[in-house]
Amino acid sequence: MEEFRFVREEELEEAVKLADEVFLAPNQASMGEAFPTVFSASLGQSYGCYIDGRLVSFIGFVPSVIRIHAAELAVYSVGAVCTDPAYRGRGYAGKLLGLLAEHGRLSGASLMLVSGEGGLYEKFGCRKFGSVETFRLEAAAADQMLRSSRSAGYRYRTMKPTDWFDIRRLAHSRGVRFEQSLWDIAALLKAAPTARIGRLQPEIWVAENERGPIAFAVLAVPGDEPNESNHDEPSLIEWAGEPEAVLMLAACGVLAARCRMLNLTVEAHEEALLACLRPLELESKKEHNDGTALILDSAALLAQLGPLFGDERPAAYTESDGGVRLEWQGQVYRMTAAELLSLLFDAQPTEQLPALLKKASDAIVPIPFPKPNGLNFV
């Protein structure tokens, strides 16, 4: 008998086992260790398909709040999507996604973030969105940066046990971020999913001056394993504080870990950090955010984004055919949910926009968005 439902607390160990069997590579941390929010008994949001009482398909579902200046988005993240190989091709994961989307709508969430792309997710309506630029910091360039640094009075070190209040203060100084309490930050730093699934180790570096910490950077770097084929490329996972100091912390991390290079992925709205990086003439590429997104509720999304638009707030309504009717500044526009996602978050929307809508939206969109593959990656 097929049963689609929440995974109960006593069944989470079985869910971790299934995820490990599907995803785990040699020298990789257990999915339960890397993704504690997915397998959280406290949250209890993940779904499974059971055949005669046995878990055969699982999807992790994690709620978050994203702060975008004065606006707050209620979102869900989808990850650890796995099906027992003996039961694939029966549509179980697709049916679970449908249940998750409905659960998200009933919860008041406006967006669903998905770590995967293509195939199942594209068929379900998920699309690439947002804009980031990834810079490749080679060890030689990092060494030169530190030698020529004009950051007189700055000291760079790894994190100490007395840094927690400063880490939280710096994290909350970012106007665009996932909401995180001090306890959330500590738990996510310990789990560091982006690092662990790449068979890397998280390291937290801190920059300080005479007043105390002014920046921190979370890096994913190799541990004691010298074989580079056994891990992903080192990267900057998360950061906050003064951009020039963040860049110097990345350079320190590259050299301390004896890495050949480090990837720094920076969101398009982080103009101050981009201004520090561009004069270095590092190899870089522009791309979408990792993963995909789906608008769960267009009306809720526009309402939650409302504070960004001032007095003339747009409104959206889902029509009977699944399309979206957008009302803004006395005009009515009709588009698909995918086109609305692109309009709001892409630097260059994929669809041709009416001239009047483009003129009205230029000063507001693209709306800044924190990268989904940071500490809150699911």
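The values are calculated or read from the model by the stated rules, or taken from the named source; none is laboratory data. Note that the structure is predicted; figures quoted are calculated from it, not measured. Cβ coordinates were reconstructed from backbone atoms using ideal geometry, including for glycine residues, and neighbour counts include every protein chain displayed. With ligands, DNA and RNA removed, areas are computed over all heavy atoms of the protein, side chains included. Shrake-Rupley method; radii C 1.70, N 1.55, O 1.52, S 1.80 Å.
Counting only residues that are more than 21 Å from the chain's Cα centre (by Cα) and either at pLDDT below 95 or in a loop (DSSP other than H, G, I, E, B) (or both), segment 38-50 holds 2 of them. The residues of segment 51-110 that are open to solvent by less than 10 Å² (accessible area, probe 1.4 Å) and part of a helix (DSSP H, G or I), listed by number, are L96, L97, L100, A101, G104. Exactly one residue out of R199, R157, R136 is closer than 20 Å to C259 by Cβ, part of a loop (DSSP other than H, G, I, E, B), touching a residue at least 12 places away in the same chain (Cβ under 8 Å) and among the charged types (D, E, K, R): that is R199. Checking each residue in segment 1-40 for being over 26 Å from Q201 (Cα atoms), surrounded by fewer than 12 Cβ atoms within 10 Å (Cβ to Cβ) and either aliphatic (A, V, I, L, M) or in contact with an Asp or Glu (Cβ under 8 Å, 6 or more places away or on another chain) (or both) picks out only M1. Any residue at all in segment 237-244 that's surrounded by 19 or more Cβ atoms within 10 Å (Cβ to Cβ), touching a Gly at 6+ places or on another chain (Cβ under 6 Å) and not small (G, A, S)? Within segment 237-244, one or more residues are surrounded by 19 or more Cβ atoms within 10 Å (Cβ to Cβ), touching a Gly at 6+ places or on another chain (Cβ under 6 Å) and not small (G, A, S). Here A293, A316 are screened, and the one residue that is closer than 22 Å to Y121 by Cα and part of a strand (DSSP E or B) is A293. Taken as a whole, the structure leaves M159 outside the set of residues that are more than 19 Å from P372 (Cα to Cα), surrounded by 15 or more Cβ atoms within 10 Å (Cβ to Cβ), at pLDDT below 95 and not aromatic (F, W, Y).
In this structure, does V75 turn out to be touching a helix residue (DSSP H, G or I) at 6+ places or on another chain (Cβ under 6 Å) and among the aliphatic types (A, V, I, L, M)?
no
In segment 111-139, of all residues being farther than 26 Å from E72 by Cβ, at pLDDT 95 or above and among the hydrophobic types (A, V, I, L, M, F, W, C), the one that is most open to solvent (accessible area, probe 1.4 Å) corresponds to A139.
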